[in-house]
1. Of the numbered conditions (1) surrounded by 11 or more Cβ atoms within 10 Å (Cβ to Cβ); (2) modelled with pLDDT under 60; (3) among the acidic types (Asp, Glu), residue 20 satisfies every one except a single condition; which is it?
2. If residue 54 satisfies all but one of (1) modelled with pLDDT of 80 or more; (2) of a type in the set (D, E, K, R); (3) exposed (fewer than 14 other Cβ atoms within 10 Å of the Cβ), what's the number of the condition it fails?
3. Of everything in segment 60-75, what is surrounded by 13 or more Cβ atoms within 10 Å (Cβ to Cβ) and either at pLDDT below 75 or hydroxyl-bearing (Ser, Thr, Tyr) (or both)? Give them in sequence order.
4. Might you let me know whether segment 88-100 holds any residue that is among the aliphatic types (A, V, I, L, M), at pLDDT below 95 and exposed (fewer than 14 other Cβ atoms within 10 Å of the Cβ)?
5. Kindly evaluate residue 127 against the criterion of being more than 23 Å from residue 202 (Cα to Cα) and either of a type in the set (A, V, I, L, M) or touching a residue at least 40 places away in the same chain (Cβ under 8 Å) (or both).
6. Examine segment 79-92 for a residue that is assigned to a helix (DSSP H, G or I), within 26 Å of residue 183 (Cα to Cα), touching a Ser or Thr at 6+ places or on another chain (Cβ under 7 Å) and touching a residue at least 60 places away in the same chain (Cβ under 8 Å), and state whether such a residue exists.
7. Taking into account only those residues within segment 132-179 that are touching a Pro at 6+ places or on another chain (Cβ under 9 Å), in a loop (DSSP other than H, G, I, E, B) and of a type outside the set (Gly, Ala, Ser), which is modelled with the lowest pLDDT?
8. Within segment 114-133, does at least one residue satisfy the condition of being in contact with a Cys (Cβ under 9 Å, 6 or more places away or on another chain) and either loosely packed, with under 14 Cβ neighbours inside 10 Å or not charged (D, E, K, R) (or both)?
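The values are calculated or read from the model by the stated rules, or taken from the named source; none is laboratory data. Computed from a predicted model, the values in this text were never measured in an experiment. All Cβ positions, even for glycine, are placed from backbone atoms using ideal geometry, and neighbour counts span all protein chains on display.
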Amino acid sequence: MWMLFCSVNRLLGSTLECSDRDLTGGRCSISVEKLLDRAIQHAELIYRISDEARMLFEEMFIPLAILPHQGHGSNSCTSNLVHVPISKLEIQQISDKWLLHAILILVQSWIEPLADLQDSLDRYDNAPSSLLGKTRWMSTKLMNLKHGVLVLISKMLDEPSLELEYNESVPRNIVAPAMTEHVLRDYIVLSCFKKDAHKMETFLKLLRCRQTDGLGCSSL
């Protein structure tokens, strides 16, 4: 397991932020294409690890009898307010600015819930170290992705790298029979985060497609 995390960290060794050597005249000199590639690497791995964490949590703590009734949980994610464009017309009409700000909203909306999730899991008597490691890793890489998106906003939109205000939180008060509330809450958090991590990845790939090709991007 730790070999996996070491290989992942090596892959993400190139930071999403501009270091001093990457600055020219106070601006980031790394190309938009390279920044997008780095951001997509982060988003892909965040999504993959979130899926692994959710499945591990499910195997450890969620009774099989409860699983068929969990569809309503992901449907109640507050970040469903960030609509995923589906039709070809929608994809053609949305702007790069909308995509970048939607990604930033998603990233920022999850920083606090993931920290809360980590605190909750730390109090479990039997949470495996692999699950704790995955959630801790996701929190760290989400912060890295946030900084990268702010740099992209600065470069692509020529706007100051200001954070957006986002005060919503993931639903935390769902109760199911035969389960303690906090266990189901944590499962809903993991399920919602996986869903939104996939949105982040999709939006970033659409941005890169527009930068490099522009044709066929509606197929993403």
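1. The failed condition is (1).
2. Evaluating residue 54 over (1) modelled with pLDDT of 80 or more; (2) of a type in the set (D, E, K, R); (3) exposed (fewer than 14 other Cβ atoms within 10 Å of the Cβ) leaves (3) as the failure.
3. The first filter runs over segment 60-75 and keeps only residues surrounded by 13 or more Cβ atoms within 10 Å (Cβ to Cβ), leaving 60-62, 66, 70, 73-74.
Hits for segment 60-75 are 66, 70, 73, 74.
4. As a first pass, look at segment 88-100 and keep what is among the aliphatic types (A, V, I, L, M): 89, 91, 94, 99-100.
Keeping just the survivors that are at pLDDT below 95 gives 89, 91, 94, 99-100.
Among the residues that remain, those that are also exposed (fewer than 14 other Cβ atoms within 10 Å of the Cβ) are: 89.
Among the residues of segment 88-100, at least one is among the aliphatic types (A, V, I, L, M), at pLDDT below 95 and exposed (fewer than 14 other Cβ atoms within 10 Å of the Cβ), which makes the answer yes.
5. So residue 127 fits the description; yes.
6. Step one: of segment 79-92, the residues assigned to a helix (DSSP H, G or I) are 79-81, 88-92.
Filter again for within 26 Å of residue 183 (Cα to Cα), leaving 79-81.
Next, from what is left, pick out any that are touching a Ser or Thr at 6+ places or on another chain (Cβ under 7 Å): 79.
The next check asks that each one be touching a residue at least 60 places away in the same chain (Cβ under 8 Å); those that pass are 79.
Yes, some residue in segment 79-92 is assigned to a helix (DSSP H, G or I), within 26 Å of residue 183 (Cα to Cα), touching a Ser or Thr at 6+ places or on another chain (Cβ under 7 Å) and touching a residue at least 60 places away in the same chain (Cβ under 8 Å).
7. Filtering segment 132-179 for residues that are touching a Pro at 6+ places or on another chain (Cβ under 9 Å), in a loop (DSSP other than H, G, I, E, B) and of a type outside the set (Gly, Ala, Ser), the one modelled with the lowest pLDDT comes out as 172.
8. From segment 114-133, those in contact with a Cys (Cβ under 9 Å, 6 or more places away or on another chain) are none; that's our starting set.
No, because not a single residue in segment 114-133 is in contact with a Cys (Cβ under 9 Å, 6 or more places away or on another chain) and either loosely packed, with under 14 Cβ neighbours inside 10 Å or not charged (D, E, K, R) (or both).
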